[in-house]
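The values are calculated or read from the model by the stated rules, or taken from the named source; none is laboratory data. All values reported here derive from a predicted model rather than from experimental measurement. Positions of Cβ are backbone-derived with ideal geometry, glycine not excepted, and every protein chain shown enters the neighbour counts. The area values use the complete protein model at the heavy-atom level, side chains included, leaving out ligands, DNA and RNA. Shrake-Rupley method; radii C 1.70, N 1.55, O 1.52, S 1.80 Å.
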Amino acid sequence: MPTSADLHRRRSAAVARGVSSMIPSYVSHAGGGTMTDVDGREWVDFAAGIAVTNVGNAAPRVVEAVRRQAERFTHTCFMIAPYEAYVAVCEQLAELTRGSFEKRSALFNSGAEAVENAVKIARHATGRQAIVVFDHAYHGRTNLTMALTAKVMPYKHGFGPFAGEIYRVPMSYPLRDGRSGPEAAALAIGQIEKHVGANNVAAVLIEPIQGEGGFVVPAEGFLPAMAAWSREAGAVFIADEIQTGFCRTGAWFASEHEGVEPDLITTAKGIAGGLPLAGVTGRAEIMDAVHPGGLGGTYGGNPIACAAALAAIDTMRELDLAAAARRIAEVALPRLHDLAAKHAEIGEVRGRGAMLALELVVPGETGVSGPVPDPAAAAAVAKAAHELGLLLLTCGTYGNVIRLLPPLVISDDELDRGLGLLEQAFATR
Ligand SMILES: Cc1ncc(COP(=O)(O)O)c(C=O)c1O
């Protein structure tokens, strides 16, 4: 087998440099809470392929379902010849998402595609155009979703012009705005009413806990207030649960923590145990506003990805991975708070379930938007972690947040090892 160094040489001559990788090691195999590279080194996985392999890599049921489906047929295009697995995934999405109303779903390939389609559906259903998004939001890298995404570098720099009728308002960010949820919502709503006009808003699009933007957990009351305003305004409230969904935060979906019932939910990542699949699920009258043929795509809801999703969802149910995520928080949070007590640059420990973060700041320094971010410290900790064999991601508008996203099937021993490596990374960076 070629070494990572061999593969890196080949990559440099063949792969565009715009597609970068966090570590220089190439994967051989992965499962549970670990990954092994082609040089034989084992890594503890606190990344889960960015919140994708919630059921673990190469999860047995997923592997078997993929094999069985691939033997029967690999693709027909649901728009040509439909098949049961697509319908079954939509049934599961209706059952797993909140709300006792009638629901419909449509399936796509990636998170960005799901978000784009949710926007198309909301515009069609309301006959309006304006889409409200939030500071620090991340919704993808296609042209429309770049416009919806906040952070310029690396996601938007040089890639414009961007789509119109997108309006950005302040997010509730307790560490930085010091506002209660209702206060932060009043500020956002005031801006929407002033700059857009309630009657023009097709949709309010929000991540219930922001992902790439820094694992920002809005203050209690913010999400329900934004959902209530949307309903009152006749706008569609869309929860982007692409990173937070499928048990990641200790519930099937993060909007459940505050009892919010979104009109539409976008899903992807954890839905199919590592195969590319995404969905838009929501109120039947909104979803069905679109004319037949108005939604689709060649691969959307590919049969192998749907079979994998059904197996992944079964696994989540059977192993109660929402409870597993809550248990990861119970084990990790005390360790992270101890770490914060030792390292003054940890300005905040936050998150829910197995979506946890440390925001790094310059101790004692405050700027216009709260504690001064320290992206260099976050990069140094991540680098030290990688040298120690821990797959660890950073995130945040300011690049100063360390995020923990282990597979939900990580064993106690692997979790303990990973947290130990994180502590060591802070001590040795
Ligand atoms: C909240 C959220 N929305 C959308 C996306 C885009 O998903 P994808 O990368 O599958 O297009 C992501 C990916 O990180 C995400 O976290």
Self-check item: So residue 365, is it surrounded by fewer than 19 Cβ atoms within 10 Å (Cβ to Cβ), acidic (Asp, Glu), at pLDDT 95 or above and closer than 28 Å to residue 41 by Cβ
Solution: no
Self-check item: Answer residue from the stretch 269-312, given it is in contact with an Asp or Glu (Cβ under 8 Å, 6 or more places away or on another chain) and crowded, with 22+ Cβ neighbours inside 10 Å and is nearest to residue 104 (Cα to Cα) among those
Solution: 282
Exercise. Could you tell me which of the residues 106, 112 is under 25 Å from residue 79 (Cα atoms) and either more than 14 Å from the ligand (Cβ to nearest atom) or at pLDDT below 95 (or both)?
Key: 106
Quiz item: Quick check: anything in the stretch 316-330 modelled with pLDDT of 95 or more and in contact with a helix residue (DSSP H, G or I) (Cβ under 6 Å, 6 or more places away or on another chain)?
Solution: no
Exercise. For the stretch 147-165, enumerate the residues that are surrounded by 19 or more Cβ atoms within 10 Å (Cβ to Cβ) and not charged (D, E, K, R).
Key: 147, 148, 149, 150
Quiz item: Looking at (1) away from the ligand (no atom under 16 Å from the Cβ); (2) under 22 Å from the mean Cα position of the chain (by Cα), which is the one condition that is false for residue 119?
Solution: (1)
Practice problem: Scan the stretch 308-325 and give yes if some residue there is touching a Lys or Arg at 6+ places or on another chain (Cβ under 6 Å), β-branched (Val, Ile, Thr) and within 30 Å of residue 76 (Cα to Cα), otherwise no. | Solution: yes
Practice problem: Within the stretch 245-269, track down each residue that is hydroxyl-bearing (Ser, Thr, Tyr) and closer than 19 Å to residue 94 by Cβ. | Solution: 255, 266, 267
Quiz item: What number goes with the only condition from (1) closer than 27 Å to residue 360 by Cβ; (2) away from the ligand (no atom under 13 Å from the Cβ); (3) open to solvent by less than 30 Å² (accessible area, probe 1.4 Å); (4) assigned to a helix (DSSP H, G or I) that residue 185 does not pass?
Solution: (1)
